[in-house]
Amino acid sequence: MHGANLSDGVVTLSALHVDDTDAHLAGEDELLVRWLNGGPGTRAGTEAYFRLCMEQWATGGPLRAFGVRVGTQPTLAGTVDLRFEMPGLAPGQVNVAYGLYPAWRGRGLATRAVNLVCEYATAEGATQAVIQVDPENPGSAAVARRSGFTYAKQVPDADGIRFDWYIRDV
């Protein structure tokens, strides 16, 4: 898949690359920091993470991070990633995480990206996708439901923070 694109004609997913750093940092806002990133991005930290993403693609590692791109001259609108290995996941389960930059929210793009990434996960052998949502993040829960996920349970993470698990067979 490295280098290939997934597209539904509106949204294109392609591997994140260090060249995406400026666009990512420009798009980051307090909601992405709170719900997805865990802290404000720095140039060095973002570049290091994108290098890790590139290495994971090159080696077939458990992390597959995509840029969510929109338009004929694809503009980075956010990210979506899969984790094929993660504490709490059963065999065959893959974790899906996503975030769009503010200018791109509210257009159905996250739902499209989740559906595309689930198709990829199926092709890679996953049987079930999991979206972990902070109970105080109704926007993310709405994307999960629109993408065909159903609420399954609430699970504490390693730090004791509780997340609502939405699950979909893929």
Practice prompt. Taking H placed 1.01 Å from N in the peptide plane, check which residues at least 5 places from L16 or on another chain put their amide H under 5 Å from its amide H.
Written response: A65, F66, G67
Discussion item. How high is the relative contact order of the chain? Use alpha-carbon pairs under 8 Å, at least six apart in sequence, and give a whole percent.
Written reply: 18
Worksheet item: Taking Cα centroids, how far is region 82-114 from region 8-70 in Å?
Response: 12
Discussion item. In Å², and per residue, what accessible area does the chain have when probed at 1.4 Å with the other protein chains present?
Written reply: 50
Worksheet item: Going out from 0 in 10 Å bins, what whole percent of all Cα-Cα distances in the chain drops into each bin?
Response: 10, 41, 40, 9, 0
Response to the item:
With a 1.4 angstrom probe the carbon and sulfur portion of accessible area for the chain, in percent, totals 51
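The values are calculated or read from the model by the stated rules, or taken from the named source; none is laboratory data. Computed from a predicted model, the values in this text were never measured in an experiment. The accessibility values were calculated without ligands, DNA or RNA, using every heavy atom of the protein model including side chains. Shrake-Rupley method; radii C 1.70, N 1.55, O 1.52, S 1.80 Å.
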